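The values are calculated or read from the model by the stated rules, or taken from the named source; none is laboratory data. What you see is a predicted model, and the numbers here were worked out from it, not measured in a lab. All Cβ positions, even for glycine, are placed from backbone atoms using ideal geometry, and neighbour counts span all protein chains on display.
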Amino acid sequence: MKIRLEGVSKRYATGTGEVNVLDQVTLNVREGECLGLVGPSGCGKTTLLNIIAGFTLPSSGVVYVDGKAVRGPGADRGVIFQQYAVFPWLTVKENIGFGLTLRANFRPRWEREEIVRRYIDLMGLRGFEEAYPKELSGGMKQRVALARAYAVNPAILLMDEPFAALDAQTREVMQELLLKIFMQESKTIVFVTHSVEEAIFLCGRIGVLTRRPARVARVIEVPFEYPRSRRLRTTLEFVRLREEVEDLIRGEHSETEKGGTRDGTASDDLHDVGSVYVGDVGMGSERSAGAG
């Protein structure tokens, strides 16, 4: 297994006491697969992703990458966030090549330029090399963020709702682009999303988390072969699987509405649980990482 989570729990101290976010999460991620994570809002998906990234440590349990315990961030793991994590003072090509100027992933100029050209072509950014982020649409900015993450060649990509801020049409285009790249590049991906349809379309398996404190309720095998086309979304099998996963999540939402979270605390506390400020390692941007 590329990634192995064994009994991972996370607790945060708050002004009103300790809050349990994750409870004994055990999960395996196979090498070269795209694993989706879905669950009720605020259940801890982003917290789990941050633990895999090494941005925060579990209160108990261990995360292993290639058999080695994760103790902090590493060049083997790239992270793509929901926000447009691009540097406004750098051009498109400078943004894509930025990680290749840092010590962990340094490449000589000739090699850096070659890598940047490759991902400009792959991401459909030809003609925008000298543009600044303020001149780009949201979808184009996220193409730049994807290109920069892939350019440093991490073995693992951790994606935290990377397309959530995009309009529906652009989001579908970006999903199809990611599938195309996934077929060409040998990467292991963990993909957090609130969209069950997105998880089914992109992923080979889907981990469904319970309400907080989150555990893995079920891991679902997605039965559709790669490559996939947009027409897959309208097939009866796709719709039935989407309904099945949505019913699982709705059941968790219903339980939360009846009795709060599984640790007995009110669900209204979810929005600020365990908020920390972390850096995008190797990329220099920042974001807030809450319960997810």
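See the values below:
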item	result
Given (1) among the small types (G, A, S); (2) at pLDDT below 95; (3) crowded, with 18+ Cβ neighbours inside 10 Å, number of the condition G17 does not satisfy	(3)
Checking L158 against (1) out of contact with any Leu (no Cβ under 9 Å at 6 or more places or on another chain); (2) in contact (Cβ under 8 Å) with a residue 60 or more places away in the chain; (3) not basic (K, R), the condition it does not meet	(1)
Test result for I220, without any contact (Cβ under 8 Å) to a residue 40 or more places away in the chain, among the aliphatic types (A, V, I, L, M), closer than 23 Å to I51 by Cα and surrounded by 18 or more Cβ atoms within 10 Å (Cβ to Cβ)	yes
Considering residues of segment 42-88 that are within 16 Å of the chain's Cα centre (by Cα) and hydroxyl-bearing (S, T, Y) only, the residue surrounded by the most Cβ atoms within 10 Å (Cβ to Cβ)	T47
Residue match in segment 240-256 (condition: modelled with pLDDT of 95 or more, surrounded by 12 or more Cβ atoms within 10 Å (Cβ to Cβ), outside any helix (DSSP H, G or I) and assigned by TED's automatic domain parsing to the domain that holds G36)	no
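Per-residue answers, yes or no, for (1) out of contact with any helix residue (DSSP H, G or I) (no Cβ under 7 Å at 6 or more places or on another chain); (2) part of a strand (DSSP E or B):
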| position | (1), (2) |
| --- | --- |
| K10 | no, yes |
| A13 | yes, yes |
| G36 | no, yes |
| P40 | no, no |
| I51 | yes, no |
| V62 | yes, yes |
| P73 | no, no |
| Y84 | no, no |
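Rundown of residues vs (1) surrounded by fewer than 18 Cβ atoms within 10 Å (Cβ to Cβ); (2) β-branched (V, I, T); (3) closer than 23 Å to R242 by Cα, yes/no style:
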position: A151; (1), (2), (3): no, no, no
position: I156; (1), (2), (3): no, yes, no
position: V173; (1), (2), (3): yes, yes, yes
position: V192; (1), (2), (3): no, yes, yes
position: E198; (1), (2), (3): no, no, yes
position: A214; (1), (2), (3): no, no, yes
